[in-house]
Amino acid sequence: LAVAMDAAARCLRGKTEDDVDAAFDACRKALGTTATTIETTKLVSYLCQADLDLPAPGYGLGGPQDAEGSSRRGLTPRQAHLVVRRCLDPSGDGVVTKDEFSAFAFW
C-alpha cells in the first residue's frame, strides 16, 4: 500500500512543486467540480483511471508481463479506496478538504 500511496501523492501533486492551491485546483478541475471539497467517490475513480508510475507485480523481472505490460497503470479499486479512506479522508465524512489534500499530497 505504501507504493500505491506514494504514486497517488505524486499524481495529486502533479507538476506543482510546493503550490497546494494549484494542485488542489488542478485536481478539482480534472474531476469536473468547482466545490471547495472533493467527493471521495470521484477521487477513487480518478485514481483508478490515472496514469501512475506504478509497475504491475512482476514487471521488470524478465517475464511475459514485460512484453505485454507497462510500468504505468492506475490503482486497483481496492487500492484507491484504501488510499483515499486512510490518507485523504481520515475524518470519514466522504469529502476531502484542501487541508486533508495538502497533508497527504505534500507530505
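Couplings 3J(HN,Hα) for the stretch 11-23, derived from phi with the Karplus relation 6.51 cos²θ - 1.76 cosθ + 1.60 (θ = phi - 60°), are 5, 5, 5, x, 8, 7, 8, 10, 9, 4, 4, 5, 5 Hz, where x marks Gly and Pro. Close amide H partners of Val96, meaning residues 5 or more places away or on another chain with modelled amide H under 5 Å apart, are Ile38, Glu39, Thr40.
Each value in this text was obtained by applying a stated rule to the coordinates, not by laboratory testing. None of the values given here were measured: they were computed from a predicted structure.
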